[in-house]
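Following: one structure in structure tokens, then a few remarks.
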Amino acid sequence: MLGYLIINVLLAYLAGSIPTGFLFGKARGIDIRQVGSGNIGATNVFRHLGRTAGIVVLLLDGLKGFVAVAVFAPLLAGLGPSAADSQIREWFGLSAALAAVLGHNYTCWLYFKGGKGIATSAGVLLALVPASLGIILAVWLIIFAATRYVSLASICASFTLPFAAWATGESKTMIAVTAGMAVLAIFKHRSNIQRLLAGTENRITIRSAAKQTGSGSAGK
């Protein structure tokens, strides 16, 4: 069983490590790490490659996490002698979830520098705890609508995650893991927190989104 668990973690990490935003930038002749925030995630792609590219990267980054948990984990858990053990299957799912997020945040293809893991985390949560995801998505939408700060919405949603898992009756193990995911997500936003406190964080507005869409091909 340990061998299957190790393979599960490796496959999930490799799935999560695919640097989608970086690859989209390269296809346009742009190193996304050298523009804007330098992040390879969907928000920076949205700002500098346009709305369509940002949405596609967002969906693909989420898909990485979902596939790791919903496809790889149950497949490999089912190969072991304890396939019927629900706790074993939960551990496979949780280990795949963490590995996929770490793969995105610290991708081996870019010298272990990656994104902030919000979209990939959403993908793994959709597979693991969809009810909890629904709660934190509502929090994200409310905060973003009120402030137009993607980073603040993501930080607030991340903070809410373990409480949402508790409120929806998840196991103590699941609550602990979601708390770990929340801490990691907030840690990855530490530069955004500094800019928010300094009043220099960028907002996303309808006008700027339209402008970026029109200028995305120019890489501005």
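Scanning the stretch 69-84 for residues that are surrounded by fewer than 18 Cβ atoms within 10 Å (Cβ to Cβ), in contact with a helix residue (DSSP H, G or I) (Cβ under 9 Å, 6 or more places away or on another chain) and more than 25 Å from VAL177 (Cα to Cα) turns up nothing. In the stretch 74-92 there is no residue matching the filter, namely being among the β-branched types (Val, Ile, Thr), without any contact (Cβ under 8 Å) to a residue 12 or more places away in the chain and outside any loop (DSSP other than H, G, I, E, B). Restricting to the stretch 133-168, count the residues that are farther than 23 Å from TYR13 by Cα, of a type in the set (S, T, N, Q) and part of a helix (DSSP H, G or I). Here the count works out to 3.
Of all the residues in the stretch 31-55, those that are among the β-branched types (Val, Ile, Thr) and out of contact with any helix residue (DSSP H, G or I) (no Cβ under 7 Å at 6 or more places or on another chain) number 2.
Looking at LEU133, is it surrounded by fewer than 19 Cβ atoms within 10 Å (Cβ to Cβ), farther than 21 Å from PHE22 by Cα and among the aliphatic types (A, V, I, L, M)?
Judged against the criteria, LEU133 is not a match.
Quick check on THR168: is it closer than 21 Å to THR200 by Cα, polar (S, T, N, Q) and more than 16 Å from the chain's Cα centre (by Cα)? No, not satisfied. When PHE112 is tested against the conditions (1) aromatic (Phe, Trp, Tyr); (2) part of a loop (DSSP other than H, G, I, E, B); (3) closer than 14 Å to VAL177 by Cβ, the lone failure is (3). Pairs meeting the criteria (first residue in the stretch 174-186 and without any contact (Cβ under 8 Å) to a residue 24 or more places away in the chain, second residue of a type in the set (Lys, Arg) and surrounded by 21 or more Cβ atoms within 10 Å (Cβ to Cβ), beta carbons under 6 Å, at least 6 apart or on different chains) are lacking. Being surrounded by fewer than 18 Cβ atoms within 10 Å (Cβ to Cβ) and over 17 Å from GLY62 (Cβ atoms) is the filter here, so list the residues in the stretch 140-157 that pass it. Residues satisfying the conditions are ILE142, ALA145, ALA146, THR147, ARG148.
Taken together, the values in this text are just the output of simple stated rules run on the coordinates, not laboratory data. What you are looking at is a predicted structure, and each value in this text was computed from that prediction instead of being measured. Glycine also receives a Cβ, built like all others from the backbone with ideal geometry; neighbour counts cover every protein chain displayed.
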